[in-house]
Amino acid sequence: MRVHRVYVTALPCGSQLALQTLQETISLNRSPQAAIISADQTTLDRSDQTQLAVNISTLTVGQSLPLATFTLSREAVALYREATGDSASLYQRETALVPPTAIAALAIKHLLDSMNLPHGTIHVGQELSLQRATATDQKLVCHAQIAQSAEKRGWHFVSVSFQIHDRDETPTVSGLSSLLIPAE
Amino acid sequence: MAVINRDLPILKKCVTQEQVVRYAEASGDHNPIHLDPNFAAKTTFGRPIAHGMLVLAFISEMLTHAYGRAWLEGGSLKVRFKAPVYIGQTVTASGALKSEVETVNSRRLIYRVTCRTQEGNEVITGEATVDLPEKEKTKA
C-alpha cells in the first residue's frame, strides 16, 4: 500500500498567503513519499490501529474513520510536558494525570495518518471537549467520523469529529478538527 | 475551592527550535515545515513554524493553572488557527471572562481566549468554557 506522507500546517484560512504557500508546498512534493503506516511507536504511544487509507475525494458525512487505540505512558507524558513547558502544579501533585492536549494531539495524528490527505492540507480550527481526567498507562480508544465535507474553489473543507473513551467506555476527550485540503 | 478569575493568568512562552524538536518527538508529528529550515525556506513561511497543537497546549496550560481538575473534567475549547508562530517568537496566551451561565449542577464560565505574538498578531483566537460544580466567589 502506498501512502502519501501528510504535511499539515496551520495558516490563515482562505488567505492569499495560504493559497500561495500551499501551492509551493505541493510543488515541492511532486513525488509522494511512500510511507508505511504501521503500529506507530511514538514517544507517547504504542498504538494498535487499523491502517486503511481513506480516499479524501470520496469522503462523506457520517463516514467512520479507522479505529485507533493508544496508551500514554508516564514517561511519554513527562516528555510531552517538557516539550510544551507545562508547569501546571496539578500535574506535579497528581503525577499520573495526562494533559488533555496530549491526548488530542495523538488522536489527531492518528486520524490524519489514516486519511489519504494530499500535501498542503492545513489545520484551520480545533474544538475540544474535556469530560474526564485521564491517567497514564490507560488504554484509550478513538472513534472518528467525517462531520462535514464540502468542496469549493479547489478546496475541500473537512471536519472530523472524534470521541476518545477509556477501557470502561467512559468518554474522556472529544473534539472536532477542521481541515482545509487542496482538491486534486 | 476554586476561585473564578475575571482574567486568566497570562502565560508567556518563547517558542524555540529545541522545543519544537521535542514536541515533534513527543507528539509524533515530524512535518518538515516545523523541523527543516531548508524545507521551510522554500515555502512562503520562509522559516520553520511551530506546531499549531503546541501553541494550543499553552491555552490549555493556562486554564489548568486557573482551574486544575475542573478544566480537565469540564472544559471545552473552540479555536481558529489564524496565523503561524515562527521559531523564536514569544507567544502570550490570555483569556478574559465573557459571561457566566448557571446550569443545573454547575456554573459555566465562558472565556475569550487568545494567543498573540510579541508583535501583537493573533495566532489563535476562540472561546474556552469551564464548568465549575459549585457556586464560587467572583474574584474582583
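No value in this document is a laboratory result; all are computed from the given coordinates. If you're wondering where the values come from, they're calculated on a predicted model, not measured in any experiment. Glycine also receives a Cβ, built like all others from the backbone with ideal geometry; neighbour counts cover every protein chain displayed.
Find, among the GluC sites (Glu not before Pro) in region B:44-140, those assigned to loop by DSSP (not H, G, I, E, B) with at most 12 other beta-carbon atoms within 10 angstrom.
Numbers: sites: B:GLU61, B:GLU73, B:GLU100, B:GLU102, B:GLU119, B:GLU122, B:GLU127, B:GLU134, B:GLU136; in loops: B:GLU119, B:GLU134, B:GLU136.
The qualifying sites are B:GLU119, B:GLU134.
What nm distance separates the two modelled labels at B:ARG6 and A:SER64, each placed 7 Å from Cα along Cα→Cβ?
A separation of 5.0 nm, rounded to one decimal place.
Can you work out D for region A:57-147 in µm² s⁻¹ from Stokes-Einstein, where Rh is the Kirkwood radius over C-alpha pairs, the temperature is 4 °C and the viscosity is 1.567 mPa s?
It comes out at roughly 87 µm²/s.
Can you tell me how much longer the chain between A:ARG167 and A:SER73 gets when fully stretched, taken as 0.36 nm per residue apart minus their C-alpha distance, in nm with one decimal?
32.3 nm
Using amide H atoms built 1.01 Å from N in the peptide plane, name the residues 5+ places from A:LEU72, or on other chains, whose amide H lies under 5 Å from its own.
Close amide H contacts, sequence-distant or interchain: A:ASP137, A:GLN138.
Is there a simple number for the mean count of other chain Cβ atoms within 10 Å of the Cβ of residues in A:87-100, and what is it?
4
List every residue whose amide H lies under 5 Å from the amide H of B:ILE4, counting only residues 5 or more places away in sequence or on a different chain, with H placed 1.01 Å from N in the peptide plane.
For B:ILE4, the qualifying residues are B:LYS137, B:LYS139.
Okay, helix-only estimate at 222 nm for chain B: each DSSP H run of n ≥ 4 adds -39500 (n - 2.57), divide by all residues, round to 500 deg cm²/dmol; what do you get?
On the way: 5 runs with 42 residues, N = 140.
Helix-only estimate at 222 nm: -8000 deg cm²/dmol.
Helix B:52-67: angle to the longest alpha-carbon principal axis of chain B, degrees 0 to 90, nearest 10?
Once rounded, the angle reads 30 degrees.
D for chain B, whole µm²/s, Stokes-Einstein with Kirkwood Rh over alpha-carbon pairs at 37 °C and 0.692 mPa s: what number? Kindly include the intermediate steps, with their values, before the conclusion.
Values: Rh = 16.0 Å.
D, rounded to a whole number, is 205 µm²/s.
What FRET efficiency do you get for A:ASP137 and B:LYS78 if R0 is 35 Å and r is their Cβ-Cβ distance, rounded to the nearest 0.05?
After rounding, the FRET efficiency stands at 0.70.
Apply the Karplus curve 6.51 cos²θ - 1.76 cosθ + 1.60, θ = phi - 60°, to the phi angles in region A:103-112 and return the couplings in whole Hz, x for Gly and Pro.
Along region A:103-112, the couplings run 5, 4, 4, 5, 4, 5, 4, 5, 5, 5 Hz.
Taking H as built 1.01 Å from N, whose amide H comes closer than 5 Å to the amide H of A:GLN63, not counting residues under 5 places away?
A:ILE146
Applying the Karplus parametrisation 6.51 cos²θ - 1.76 cosθ + 1.60 with θ = phi - 60° to the phi angles of region B:80-96, what ³J(HN,Hα) value in whole Hz is obtained for each residue in order, glycine and proline being reported as x?
For region B:80-96, the Karplus curve yields 10, 8, 8, 7, x, 10, 7, 4, x, 7, 9, 10, 10, 9, 8, x, 10 Hz.
Return the sequence-ordered ³J(HN,Hα) values of region B:28-45 in whole Hz as given by the Karplus equation 6.51 cos²θ - 1.76 cosθ + 1.60 applied to θ = phi - 60°, using x for Gly and Pro.
With coefficients 6.51, -1.76 and 1.60, one gets x, 9, 10, 3, x, 4, 8, 10, 10, x, 5, 5, 5, 5, 8, 9, 5, 4 Hz.
Which entries of B:LYS78/B:LYS98; A:LYS109/A:LYS152; B:LYS13/B:LYS82; B:LYS12/B:LYS82; A:LYS139/B:LYS12 have Cα-Cα distances beyond 22 Å here? List each step's numbers first, then the result.
Working: B:LYS78/B:LYS98 14 Å; A:LYS109/A:LYS152 25 Å; B:LYS13/B:LYS82 18 Å; B:LYS12/B:LYS82 18 Å; A:LYS139/B:LYS12 33 Å.
Check vs 22 Å cut-off fails for A:LYS109/A:LYS152; A:LYS139/B:LYS12.
Test of the criteria: in region A:144-184, which trypsin sites (Lys or Arg not before Pro) are in a DSSP loop and have at most 14 other Cβ atoms within 10 angstrom of their Cβ?
Passing both the DSSP loop test and the Cβ count: A:ARG153, A:ARG167.
Can you give me the C-alpha center-to-center distance between region A:63-119 and region A:127-157, rounded to a whole angstrom?
12 Å
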